[in-house]
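Following: one structure in C-alpha coordinates, then a few remarks.
The values are calculated or read from the model by the stated rules, or taken from the named source; none is laboratory data. Bear in mind the structure is a predicted one, so any value in this text is a computation, not a measurement. Please note: Cβ atoms are built from the backbone with ideal geometry, for glycine as well, and neighbour counts cover all protein chains shown. All accessible areas refer to the heavy atoms of the entire protein, side chains included, with ligands and DNA or RNA removed. Shrake-Rupley method; radii C 1.70, N 1.55, O 1.52, S 1.80 Å.
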Amino acid sequence: MSEKIATHEHTTNKDIHQLEFEDGADQHRTGSSFGAYFNIVCVIAGTGTLQLPLSLNQGGWISLFIIILSACIATYTGQLLIKCLYYDGVTRLPDYPSIGEAAFGKAGKIFVRIIYYSNPLGPSCIYILLAGQNAQTLLKGWGVNVNEKVCIIVAAVIVCLPYIALKTLKEVAILAIFGAVATLVVVLVVVIEGFIQLPTLANNTEITHAFVHGSGIPIALASISFSFGGNVIYPHVEEGMRHPKSWNKVLILAIGTITGMYMLISVCGYYVYGSITKSPIYLNLPQNAGYFIAVILITIHVILAAPILLTSFANEMEMILKIDRKYHSAPKELMLRASLRAVVIVVLTIIALFLPYVPILMSLIGALSNCIIVFVAPIVLYLKLYGWRSGSKLELVWCFIVVAIGLFGCVLGAKDAIIELVQAIETSNNS
(Lines give C-alpha, C1' and ligand atoms only; values in the text may rest on other atoms or scores of the structure.)
Protein backbone atom coordinates (compact mmCIF):
# COMPACT_ATOMS: atom_id res chain seq x y z
CA MET A 1 0.00 0.00 0.00
CA SER A 2 2.85 2.37 0.82
CA GLU A 3 4.31 1.76 -2.65
CA LYS A 4 0.99 2.74 -4.22
CA ILE A 5 0.80 5.91 -2.19
CA ALA A 6 4.30 6.85 -3.23
CA THR A 7 3.27 6.40 -6.85
CA HIS A 8 0.12 8.46 -6.33
CA GLU A 9 2.02 11.43 -4.98
CA HIS A 10 3.90 11.80 -8.29
CA THR A 11 0.87 11.36 -10.57
CA THR A 12 -0.65 14.53 -11.96
CA ASN A 13 -4.08 14.96 -13.46
CA LYS A 14 -2.52 15.43 -16.89
CA ASP A 15 -0.50 12.23 -16.61
CA ILE A 16 -3.54 10.32 -15.41
CA HIS A 17 -5.71 11.29 -18.33
CA GLN A 18 -2.95 10.48 -20.80
CA LEU A 19 -2.67 6.91 -19.52
CA GLU A 20 -5.80 5.61 -21.20
CA PHE A 21 -7.29 8.28 -23.38
CA GLU A 22 -4.43 9.74 -25.38
CA ASP A 23 -5.35 10.41 -29.02
CA GLY A 24 -9.01 9.59 -28.28
CA ALA A 25 -8.38 5.89 -27.80
CA ASP A 26 -11.65 5.37 -25.95
CA GLN A 27 -14.44 5.28 -28.52
CA HIS A 28 -17.07 6.01 -25.85
CA ARG A 29 -15.60 9.46 -25.25
CA THR A 30 -17.52 11.37 -27.89
CA GLY A 31 -19.21 14.06 -25.75
CA SER A 32 -18.12 17.68 -25.98
CA SER A 33 -16.92 19.87 -23.11
CA PHE A 34 -19.82 22.18 -23.96
CA GLY A 35 -22.31 19.34 -23.43
CA ALA A 36 -20.61 18.38 -20.15
CA TYR A 37 -20.88 22.00 -18.99
CA PHE A 38 -24.62 22.10 -19.64
CA ASN A 39 -25.16 18.70 -18.02
CA ILE A 40 -23.59 20.00 -14.81
CA VAL A 41 -25.41 23.34 -14.86
CA CYS A 42 -28.80 21.77 -15.57
CA VAL A 43 -28.55 19.12 -12.87
CA ILE A 44 -27.18 21.39 -10.13
CA ALA A 45 -29.02 24.65 -10.83
CA GLY A 46 -32.47 23.17 -10.46
CA THR A 47 -35.09 23.53 -7.78
CA GLY A 48 -32.34 24.42 -5.30
CA THR A 49 -32.08 27.78 -7.08
CA LEU A 50 -35.59 28.68 -5.96
CA GLN A 51 -34.93 27.56 -2.38
CA LEU A 52 -31.95 29.86 -1.79
CA PRO A 53 -33.81 33.11 -0.96
CA LEU A 54 -35.54 31.15 1.82
CA SER A 55 -32.11 29.97 2.98
CA LEU A 56 -31.14 33.61 3.45
CA ASN A 57 -34.37 34.13 5.37
CA GLN A 58 -33.45 31.17 7.59
CA GLY A 59 -29.79 32.08 8.19
CA GLY A 60 -29.62 35.79 7.40
CA TRP A 61 -27.33 37.67 5.01
CA ILE A 62 -24.41 35.56 6.22
CA SER A 63 -25.87 32.75 4.11
CA LEU A 64 -24.36 34.52 1.08
CA PHE A 65 -20.94 33.66 2.50
CA ILE A 66 -22.11 30.06 2.91
CA ILE A 67 -23.15 29.96 -0.77
CA ILE A 68 -19.72 31.19 -1.92
CA LEU A 69 -17.93 28.83 0.47
CA SER A 70 -20.07 25.90 -0.71
CA ALA A 71 -19.26 26.75 -4.34
CA CYS A 72 -15.53 26.66 -3.57
CA ILE A 73 -15.90 23.37 -1.71
CA ALA A 74 -18.04 21.81 -4.47
CA THR A 75 -15.44 22.75 -7.09
CA TYR A 76 -12.56 21.42 -5.00
CA THR A 77 -14.22 18.13 -4.06
CA GLY A 78 -15.48 17.64 -7.64
CA GLN A 79 -11.89 17.82 -8.85
CA LEU A 80 -10.71 15.43 -6.13
CA LEU A 81 -13.47 12.98 -6.97
CA ILE A 82 -12.40 12.67 -10.60
CA LYS A 83 -8.76 12.42 -9.56
CA CYS A 84 -9.67 9.48 -7.33
CA LEU A 85 -11.02 7.61 -10.36
CA TYR A 86 -7.41 7.35 -11.60
CA TYR A 87 -5.76 6.75 -8.23
CA ASP A 88 -3.61 3.74 -9.24
CA GLY A 89 -2.12 5.47 -12.28
CA VAL A 90 -3.07 2.57 -14.56
CA THR A 91 -6.83 2.27 -15.05
CA ARG A 92 -9.97 4.33 -14.46
CA LEU A 93 -12.49 3.33 -11.82
CA PRO A 94 -16.03 3.30 -13.23
CA ASP A 95 -17.96 5.21 -10.57
CA TYR A 96 -18.19 6.81 -7.12
CA PRO A 97 -18.94 3.56 -5.18
CA SER A 98 -15.86 1.97 -6.75
CA ILE A 99 -13.75 4.72 -5.19
CA GLY A 100 -15.25 3.79 -1.81
CA GLU A 101 -14.29 0.17 -2.42
CA ALA A 102 -10.75 1.07 -3.45
CA ALA A 103 -10.33 3.10 -0.27
CA PHE A 104 -12.15 1.02 2.35
CA GLY A 105 -13.07 -2.30 0.74
CA LYS A 106 -16.63 -3.64 0.47
CA ALA A 107 -17.78 -1.69 3.53
CA GLY A 108 -16.67 1.54 1.86
CA LYS A 109 -18.45 0.61 -1.35
CA ILE A 110 -21.71 -0.21 0.44
CA PHE A 111 -21.65 3.00 2.51
CA VAL A 112 -20.89 5.22 -0.48
CA ARG A 113 -23.48 3.44 -2.61
CA ILE A 114 -26.26 3.97 -0.04
CA ILE A 115 -25.52 7.68 0.32
CA TYR A 116 -24.70 8.02 -3.35
CA TYR A 117 -27.96 6.52 -4.62
CA SER A 118 -30.04 8.77 -2.39
CA ASN A 119 -28.48 11.74 -4.20
CA PRO A 120 -30.02 11.22 -7.65
CA LEU A 121 -33.17 9.53 -6.35
CA GLY A 122 -34.08 12.14 -3.72
CA PRO A 123 -33.93 15.22 -5.97
CA SER A 124 -35.66 13.32 -8.79
CA CYS A 125 -38.53 12.56 -6.43
CA ILE A 126 -38.71 16.26 -5.57
CA TYR A 127 -38.64 17.15 -9.27
CA ILE A 128 -41.61 14.88 -9.97
CA LEU A 129 -43.46 16.33 -6.99
CA LEU A 130 -42.72 19.94 -7.94
CA ALA A 131 -43.67 19.38 -11.59
CA GLY A 132 -47.02 17.94 -10.49
CA GLN A 133 -47.72 20.76 -8.04
CA ASN A 134 -46.76 23.38 -10.62
CA ALA A 135 -49.00 21.74 -13.21
CA GLN A 136 -51.94 21.89 -10.80
CA THR A 137 -51.21 25.57 -10.08
CA LEU A 138 -51.14 26.39 -13.78
CA LEU A 139 -54.37 24.53 -14.48
CA LYS A 140 -56.12 26.31 -11.59
CA GLY A 141 -54.95 29.63 -13.01
CA TRP A 142 -56.57 28.67 -16.28
CA GLY A 143 -59.82 27.65 -14.59
CA VAL A 144 -59.28 23.87 -14.64
CA ASN A 145 -59.48 21.99 -11.32
CA VAL A 146 -57.44 18.79 -11.26
CA ASN A 147 -56.42 16.76 -8.21
CA GLU A 148 -52.78 17.29 -7.20
CA LYS A 149 -52.07 13.55 -7.10
CA VAL A 150 -53.30 13.15 -10.67
CA CYS A 151 -50.92 15.92 -11.77
CA ILE A 152 -48.01 14.26 -9.96
CA ILE A 153 -48.73 10.94 -11.69
CA VAL A 154 -48.91 12.63 -15.10
CA ALA A 155 -45.62 14.44 -14.39
CA ALA A 156 -44.02 11.10 -13.51
CA VAL A 157 -45.18 9.58 -16.79
CA ILE A 158 -43.71 12.51 -18.73
CA VAL A 159 -40.38 12.12 -16.89
CA CYS A 160 -40.44 8.38 -17.54
CA LEU A 161 -40.61 8.68 -21.33
CA PRO A 162 -37.15 10.23 -21.98
CA TYR A 163 -35.73 8.27 -19.04
CA ILE A 164 -36.57 5.00 -20.79
CA ALA A 165 -35.91 6.17 -24.34
CA LEU A 166 -32.48 7.76 -23.76
CA LYS A 167 -29.86 5.32 -22.54
CA THR A 168 -26.80 7.41 -21.59
CA LEU A 169 -25.94 10.90 -20.34
CA LYS A 170 -24.50 11.79 -23.74
CA GLU A 171 -27.92 11.21 -25.28
CA VAL A 172 -29.70 13.42 -22.73
CA ALA A 173 -27.25 16.33 -23.15
CA ILE A 174 -29.79 18.19 -25.32
CA LEU A 175 -32.24 18.08 -22.39
CA ALA A 176 -29.59 19.69 -20.20
CA ILE A 177 -29.18 22.67 -22.56
CA PHE A 178 -32.90 23.47 -22.53
CA GLY A 179 -33.03 22.99 -18.75
CA ALA A 180 -30.11 25.33 -18.07
CA VAL A 181 -31.59 28.08 -20.25
CA ALA A 182 -35.00 27.65 -18.57
CA THR A 183 -33.44 28.08 -15.11
CA LEU A 184 -31.62 31.25 -16.15
CA VAL A 185 -34.82 32.76 -17.56
CA VAL A 186 -36.70 31.93 -14.33
CA VAL A 187 -34.01 33.69 -12.29
CA LEU A 188 -34.36 36.80 -14.46
CA VAL A 189 -38.17 36.72 -14.28
CA VAL A 190 -38.13 36.45 -10.47
CA VAL A 191 -35.61 39.29 -10.15
CA ILE A 192 -37.50 41.62 -12.52
CA GLU A 193 -40.93 40.86 -11.00
CA GLY A 194 -39.50 41.24 -7.51
CA PHE A 195 -38.17 44.73 -8.11
CA ILE A 196 -41.43 45.73 -9.80
CA GLN A 197 -43.19 44.69 -6.57
CA LEU A 198 -40.65 46.38 -4.29
CA PRO A 199 -42.31 49.85 -4.02
CA THR A 200 -45.70 48.31 -3.20
CA LEU A 201 -44.22 45.96 -0.61
CA ALA A 202 -42.23 48.77 1.00
CA ASN A 203 -45.40 50.82 1.52
CA ASN A 204 -47.83 48.08 2.59
CA THR A 205 -45.82 45.28 4.20
CA GLU A 206 -43.52 45.21 7.20
CA ILE A 207 -40.46 43.39 5.87
CA THR A 208 -37.39 42.77 8.01
CA HIS A 209 -33.90 41.48 7.29
CA ALA A 210 -31.21 40.03 9.54
CA PHE A 211 -27.47 39.66 9.17
CA VAL A 212 -27.45 36.33 10.97
CA HIS A 213 -29.97 33.89 12.48
CA GLY A 214 -27.78 31.48 14.42
CA SER A 215 -30.52 28.89 14.90
CA GLY A 216 -31.30 28.83 11.17
CA ILE A 217 -27.76 28.35 9.87
CA PRO A 218 -27.74 24.50 10.01
CA ILE A 219 -30.88 24.11 7.91
CA ALA A 220 -29.73 26.92 5.60
CA LEU A 221 -26.45 25.05 5.11
CA ALA A 222 -28.39 21.86 4.36
CA SER A 223 -30.49 23.63 1.71
CA ILE A 224 -27.43 25.23 0.15
CA SER A 225 -25.71 21.82 0.09
CA PHE A 226 -28.70 20.46 -1.82
CA SER A 227 -28.14 23.24 -4.34
CA PHE A 228 -24.60 22.03 -5.12
CA GLY A 229 -25.32 18.30 -5.30
CA GLY A 230 -23.87 17.30 -8.65
CA ASN A 231 -21.19 14.82 -7.58
CA VAL A 232 -23.30 11.81 -8.47
CA ILE A 233 -23.11 12.55 -12.19
CA TYR A 234 -19.52 13.81 -12.34
CA PRO A 235 -17.91 10.40 -13.05
CA HIS A 236 -20.44 9.75 -15.83
CA VAL A 237 -20.10 13.22 -17.34
CA GLU A 238 -16.28 13.01 -17.31
CA GLU A 239 -16.41 9.48 -18.70
CA GLY A 240 -18.17 10.72 -21.83
CA MET A 241 -15.94 13.75 -22.46
CA ARG A 242 -13.87 13.67 -25.63
CA HIS A 243 -11.21 15.76 -23.85
CA PRO A 244 -11.16 14.60 -20.19
CA LYS A 245 -8.15 16.80 -19.42
CA SER A 246 -10.58 19.74 -19.66
CA TRP A 247 -12.61 18.45 -16.70
CA ASN A 248 -11.30 20.95 -14.12
CA LYS A 249 -11.92 23.91 -16.43
CA VAL A 250 -15.42 22.69 -17.29
CA LEU A 251 -16.27 22.19 -13.62
CA ILE A 252 -14.96 25.62 -12.60
CA LEU A 253 -16.93 27.30 -15.39
CA ALA A 254 -20.11 25.37 -14.55
CA ILE A 255 -19.93 26.03 -10.80
CA GLY A 256 -19.08 29.67 -11.51
CA THR A 257 -22.17 30.04 -13.73
CA ILE A 258 -24.36 28.36 -11.13
CA THR A 259 -23.00 30.52 -8.30
CA GLY A 260 -23.68 33.66 -10.34
CA MET A 261 -27.32 32.65 -10.74
CA TYR A 262 -27.51 31.73 -7.06
CA MET A 263 -26.13 35.06 -5.88
CA LEU A 264 -28.44 37.01 -8.19
CA ILE A 265 -31.66 35.32 -7.11
CA SER A 266 -30.63 35.06 -3.44
CA VAL A 267 -29.71 38.72 -2.99
CA CYS A 268 -32.65 40.06 -4.97
CA GLY A 269 -35.16 37.61 -3.50
CA TYR A 270 -34.24 38.20 0.13
CA TYR A 271 -33.78 41.95 -0.35
CA VAL A 272 -37.26 42.33 -1.84
CA TYR A 273 -39.21 39.87 0.34
CA GLY A 274 -37.09 39.56 3.49
CA SER A 275 -38.96 37.89 6.33
CA ILE A 276 -41.91 36.90 4.08
CA THR A 277 -39.72 34.96 1.61
CA LYS A 278 -41.25 31.66 0.52
CA SER A 279 -39.96 28.56 -1.26
CA PRO A 280 -40.05 28.18 -4.21
CA ILE A 281 -39.45 31.94 -4.48
CA TYR A 282 -41.94 32.42 -7.32
CA LEU A 283 -44.72 31.83 -4.76
CA ASN A 284 -44.03 35.41 -3.63
CA LEU A 285 -44.86 36.76 -7.09
CA PRO A 286 -48.32 38.08 -8.01
CA GLN A 287 -50.14 35.70 -10.35
CA ASN A 288 -49.48 37.65 -13.51
CA ALA A 289 -47.71 36.80 -16.78
CA GLY A 290 -44.28 36.76 -15.12
CA TYR A 291 -45.47 34.32 -12.49
CA PHE A 292 -46.89 31.90 -15.05
CA ILE A 293 -43.76 32.14 -17.20
CA ALA A 294 -41.63 31.26 -14.15
CA VAL A 295 -43.84 28.31 -13.18
CA ILE A 296 -43.95 26.94 -16.74
CA LEU A 297 -40.20 27.22 -17.23
CA ILE A 298 -39.20 25.70 -13.90
CA THR A 299 -41.65 22.87 -14.57
CA ILE A 300 -39.95 22.27 -17.91
CA HIS A 301 -36.58 22.37 -16.16
CA VAL A 302 -37.36 19.78 -13.50
CA ILE A 303 -38.95 17.47 -16.08
CA LEU A 304 -35.75 17.70 -18.15
CA ALA A 305 -33.34 17.45 -15.22
CA ALA A 306 -34.92 14.37 -13.61
CA PRO A 307 -33.99 12.00 -16.49
CA ILE A 308 -30.38 13.22 -16.33
CA LEU A 309 -30.09 12.44 -12.62
CA LEU A 310 -31.92 9.15 -12.97
CA THR A 311 -29.87 8.08 -15.99
CA SER A 312 -26.65 8.22 -13.96
CA PHE A 313 -28.31 5.97 -11.37
CA ALA A 314 -29.76 3.62 -14.00
CA ASN A 315 -26.44 3.22 -15.84
CA GLU A 316 -24.82 1.87 -12.68
CA MET A 317 -27.74 -0.40 -11.75
CA GLU A 318 -27.76 -1.81 -15.27
CA MET A 319 -24.04 -2.49 -15.02
CA ILE A 320 -24.53 -4.29 -11.69
CA LEU A 321 -27.48 -6.31 -13.00
CA LYS A 322 -25.69 -6.98 -16.33
CA ILE A 323 -28.43 -5.40 -18.42
CA ASP A 324 -26.26 -5.01 -21.47
CA ARG A 325 -25.92 -6.17 -25.08
CA LYS A 326 -23.01 -8.36 -23.97
CA TYR A 327 -25.43 -10.56 -22.03
CA HIS A 328 -28.79 -10.12 -23.80
CA SER A 329 -30.25 -9.65 -27.25
CA ALA A 330 -31.24 -6.10 -28.22
CA PRO A 331 -35.00 -6.60 -27.60
CA LYS A 332 -34.45 -8.29 -24.23
CA GLU A 333 -31.93 -5.65 -23.16
CA LEU A 334 -34.42 -2.92 -24.01
CA MET A 335 -37.23 -4.70 -22.15
CA LEU A 336 -35.13 -5.21 -19.01
CA ARG A 337 -33.85 -1.64 -19.08
CA ALA A 338 -37.34 -0.22 -19.55
CA SER A 339 -38.74 -2.40 -16.74
CA LEU A 340 -36.03 -1.36 -14.28
CA ARG A 341 -36.43 2.32 -15.03
CA ALA A 342 -40.23 2.13 -14.86
CA VAL A 343 -40.03 0.55 -11.40
CA VAL A 344 -37.77 3.38 -10.23
CA ILE A 345 -40.27 5.99 -11.43
CA VAL A 346 -43.17 4.18 -9.73
CA VAL A 347 -41.38 4.09 -6.37
CA LEU A 348 -40.41 7.77 -6.55
CA THR A 349 -43.96 8.71 -7.53
CA ILE A 350 -45.43 6.88 -4.53
CA ILE A 351 -43.07 8.77 -2.20
CA ALA A 352 -43.99 12.08 -3.86
CA LEU A 353 -47.69 11.35 -3.44
CA PHE A 354 -47.43 10.77 0.31
CA LEU A 355 -44.75 13.36 1.25
CA PRO A 356 -45.66 16.51 -0.72
CA TYR A 357 -43.34 18.91 1.17
CA VAL A 358 -40.80 20.31 -1.30
CA PRO A 359 -38.76 22.78 0.84
CA ILE A 360 -38.45 20.40 3.79
CA LEU A 361 -37.45 17.46 1.61
CA MET A 362 -34.79 19.62 -0.06
CA SER A 363 -33.29 20.47 3.32
CA LEU A 364 -33.46 16.88 4.56
CA ILE A 365 -31.82 15.41 1.45
CA GLY A 366 -29.24 18.19 1.47
CA ALA A 367 -28.34 17.36 5.07
CA LEU A 368 -28.35 13.57 4.97
CA SER A 369 -27.00 13.03 1.48
CA ASN A 370 -25.37 16.07 -0.08
CA CYS A 371 -23.39 17.15 2.98
CA ILE A 372 -21.73 13.71 2.96
CA ILE A 373 -21.45 13.06 -0.77
CA VAL A 374 -20.34 16.61 -1.70
CA PHE A 375 -18.36 17.77 1.36
CA VAL A 376 -17.13 14.81 3.38
CA ALA A 377 -16.71 11.68 1.24
CA PRO A 378 -14.45 13.09 -1.54
CA ILE A 379 -12.00 14.43 1.06
CA VAL A 380 -11.88 11.24 3.12
CA LEU A 381 -11.55 9.00 0.05
CA TYR A 382 -8.86 11.18 -1.50
CA LEU A 383 -6.74 11.23 1.66
CA LYS A 384 -7.13 7.47 2.05
CA LEU A 385 -6.11 6.73 -1.54
CA TYR A 386 -3.37 9.32 -2.01
CA GLY A 387 -2.08 9.56 1.56
CA TRP A 388 -1.77 12.41 4.04
CA ARG A 389 1.43 13.60 2.40
CA SER A 390 -0.20 14.17 -0.98
CA GLY A 391 -0.89 17.82 -0.16
CA SER A 392 0.58 20.71 1.77
CA LYS A 393 -0.19 21.42 5.42
CA LEU A 394 -2.41 24.30 4.33
CA GLU A 395 -4.39 21.97 2.07
CA LEU A 396 -4.80 19.48 4.91
CA VAL A 397 -6.19 22.24 7.14
CA TRP A 398 -8.62 23.14 4.36
CA CYS A 399 -9.65 19.49 4.09
CA PHE A 400 -10.39 19.29 7.82
CA ILE A 401 -12.45 22.50 7.63
CA VAL A 402 -14.50 21.10 4.73
CA VAL A 403 -15.18 17.82 6.56
CA ALA A 404 -16.17 19.71 9.73
CA ILE A 405 -18.60 21.91 7.77
CA GLY A 406 -20.11 18.85 6.10
CA LEU A 407 -20.64 17.00 9.37
CA PHE A 408 -22.09 20.12 10.99
CA GLY A 409 -24.64 20.53 8.21
CA CYS A 410 -25.41 16.80 8.16
CA VAL A 411 -26.17 16.36 11.85
CA LEU A 412 -27.82 19.65 12.80
CA GLY A 413 -29.43 20.28 9.41
CA ALA A 414 -31.01 16.81 9.36
CA LYS A 415 -32.30 17.28 12.92
CA ASP A 416 -34.01 20.57 12.05
CA ALA A 417 -35.41 19.20 8.78
CA ILE A 418 -36.83 16.08 10.46
CA ILE A 419 -38.50 18.24 13.12
CA GLU A 420 -40.08 20.40 10.39
CA LEU A 421 -41.17 17.33 8.41
CA VAL A 422 -42.87 15.77 11.46
CA GLN A 423 -44.65 19.06 12.20
CA ALA A 424 -45.79 19.36 8.57
CA ILE A 425 -47.19 15.80 8.58
CA GLU A 426 -48.99 16.39 11.88
CA THR A 427 -50.47 19.66 10.60
CA SER A 428 -51.62 17.93 7.41
CA ASN A 429 -53.24 15.09 9.36
CA ASN A 430 -55.04 17.49 11.70
CA SER A 431 -56.40 19.72 8.91
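So residue 190 clears everything in (1) surrounded by 24 or more Cβ atoms within 10 Å (Cβ to Cβ); (2) within 18 Å of the chain's Cα centre (by Cα); (3) within 21 Å of residue 64 (Cα to Cα); (4) aliphatic (A, V, I, L, M) except one condition, right? Which one?
With (1) surrounded by 24 or more Cβ atoms within 10 Å (Cβ to Cβ); (2) within 18 Å of the chain's Cα centre (by Cα); (3) within 21 Å of residue 64 (Cα to Cα); (4) aliphatic (A, V, I, L, M) applied to residue 190, the lone miss is (2).
Could you go through the stretch 105-127 and let me know if any residue there is out of contact with any strand residue (DSSP E or B) (no Cβ under 6 Å at 6 or more places or on another chain), among the polar types (S, T, N, Q), in a loop (DSSP other than H, G, I, E, B) and open to solvent by 30 Å² or more (accessible area, probe 1.4 Å). Please lay out each step first, then the result.
Our first condition is that a residue be out of contact with any strand residue (DSSP E or B) (no Cβ under 6 Å at 6 or more places or on another chain); within the stretch 105-127, this holds for 105-127.
Then drop every residue that is not among the polar types (S, T, N, Q), which leaves 118-119, 124.
Applying the additional criterion that residues be in a loop (DSSP other than H, G, I, E, B) yields none.
No - not one qualifying residue is present in the stretch 105-127.
Do we find that residue 68 is crowded, with 20+ Cβ neighbours inside 10 Å and of a type in the set (A, V, I, L, M) in this structure?
Working: crowded, with 20+ Cβ neighbours inside 10 Å: no; of a type in the set (A, V, I, L, M): yes.
No, not satisfied.
For residue 349, are the conditions met, namely being part of a helix (DSSP H, G or I), farther than 18 Å from residue 227 by Cα and either touching a residue at least 24 places away in the same chain (Cβ under 8 Å) or of a type in the set (Asp, Glu) (or both)? Spell out the reasoning first.
On the way: part of a helix (DSSP H, G or I): yes; farther than 18 Å from residue 227 by Cα: yes; either touching a residue at least 24 places away in the same chain (Cβ under 8 Å) or of a type in the set (Asp, Glu) (or both): yes.
Yes; evaluated as a whole, the condition is true for this residue.
Do you know which residues across the stretch 389-421 are among the charged types (D, E, K, R) and open to solvent by 80 Å² or more (accessible area, probe 1.4 Å)? So that I can check it myself, show each step before the final result.
Residues of the stretch 389-421 that are among the charged types (D, E, K, R), as a first pass: 389, 393, 395, 415-416, 420.
Residues satisfying the conditions are 389, 393, 415.
Would you call residue 196 outside any loop (DSSP other than H, G, I, E, B), closer than 25 Å to residue 182 by Cβ and open to solvent by 10 Å² or more (accessible area, probe 1.4 Å)? Outline the logic, then answer.
On the way: outside any loop (DSSP other than H, G, I, E, B): yes; closer than 25 Å to residue 182 by Cβ: yes; open to solvent by 10 Å² or more (accessible area, probe 1.4 Å): yes.
Here the answer is yes, as residue 196 does meet what is asked.
Among residues belonging to the stretch 314-367 that are among the small types (Gly, Ala, Ser) and in contact with a helix residue (DSSP H, G or I) (Cβ under 9 Å, 6 or more places away or on another chain), point out the one that is farthest from residue 115 (Cα to Cα).
First pass over the stretch 314-367, keeping only residues among the small types (Gly, Ala, Ser): 314, 329-330, 338-339, 342, 352, 363, 366-367.
From what's left, in contact with a helix residue (DSSP H, G or I) (Cβ under 9 Å, 6 or more places away or on another chain): 314, 338, 342, 352, 363, 366-367.
Details: 314: 15, 338: 24, 342: 22, 352: 19, 363: 15, 366: 11, 367: 11 Å.
Across the stretch 314-367, the extreme among qualifying residues is 338.
Restricting the stretch 248-261 to residues that are among the β-branched types (Val, Ile, Thr) and farther than 17 Å from residue 185 by Cα, which is surrounded by the fewest Cβ atoms within 10 Å (Cβ to Cβ)? Walk me through how you get there before you give the answer.
The first filter runs over the stretch 248-261 and keeps only residues among the β-branched types (Val, Ile, Thr), leaving 250, 252, 255, 257-259.
Filter once more, so that each one left must be farther than 17 Å from residue 185 by Cα: 250, 252, 255.
Numbers: 250: 23, 252: 14, 255: 25.
Of everything passing the filter in the stretch 248-261, 252 is surrounded by the fewest Cβ atoms within 10 Å (Cβ to Cβ).
Restricting to the stretch 314-336, count the residues that are surrounded by fewer than 17 Cβ atoms within 10 Å (Cβ to Cβ) and in a loop (DSSP other than H, G, I, E, B).
Of the stretch 314-336, the ones surrounded by fewer than 17 Cβ atoms within 10 Å (Cβ to Cβ) are 317, 319-322, 324-332, 334-335.
If we keep only those that are in a loop (DSSP other than H, G, I, E, B) as well, we get 321-322, 324-329.
Qualifying residue count, the stretch 314-336: 8.
Of the numbered conditions (1) outside any helix (DSSP H, G or I); (2) at pLDDT below 85; (3) buried (at least 20 other Cβ atoms within 10 Å of the Cβ), residue 228 fails exactly one; give the number of that condition.
(2) is the only condition that residue 228 fails.
Would the stretch 158-175 turn up any residue that is at pLDDT below 85, in a helix (DSSP H, G or I) and closer than 20 Å to residue 294 by Cα?
Yes, the stretch 158-175 contains a residue that is at pLDDT below 85, in a helix (DSSP H, G or I) and closer than 20 Å to residue 294 by Cα.
Anything in the stretch 111-138 that is out of contact with any helix residue (DSSP H, G or I) (no Cβ under 7 Å at 6 or more places or on another chain) and modelled with pLDDT of 90 or more? List them, or say none.
Restricting attention to the stretch 111-138, the residues satisfying the condition of being out of contact with any helix residue (DSSP H, G or I) (no Cβ under 7 Å at 6 or more places or on another chain) are 114.
Residues satisfying the conditions do not exist here.
Checking the condition part of a helix (DSSP H, G or I), of a type in the set (A, V, I, L, M), over 30 Å from residue 31 (Cβ atoms) and touching a helix residue (DSSP H, G or I) at 6+ places or on another chain (Cβ under 8 Å), which residue from 220, 254, 202 passes? Step through it out loud before you land on a result.
Numbers: 254 fails: over 30 Å from residue 31 (Cβ atoms); 202 fails: touching a helix residue (DSSP H, G or I) at 6+ places or on another chain (Cβ under 8 Å).
Among 220, 254, 202, only 220 is part of a helix (DSSP H, G or I), of a type in the set (A, V, I, L, M), over 30 Å from residue 31 (Cβ atoms) and touching a helix residue (DSSP H, G or I) at 6+ places or on another chain (Cβ under 8 Å).
Considering only residues that are assigned to a helix (DSSP H, G or I), surrounded by 21 or more Cβ atoms within 10 Å (Cβ to Cβ) and among the hydroxyl-bearing types (Ser, Thr, Tyr), which ones fall in the stretch 262-287?
262, 266, 270, 273, 282, listed by residue number.
Hey, can you tell me all the residues within the stretch 343-388 that are open to solvent by 20 Å² or more (accessible area, probe 1.4 Å) and either at positive phi or among the aromatic types (Phe, Trp, Tyr) (or both)?
Hits for the stretch 343-388 are 354, 357, 388.
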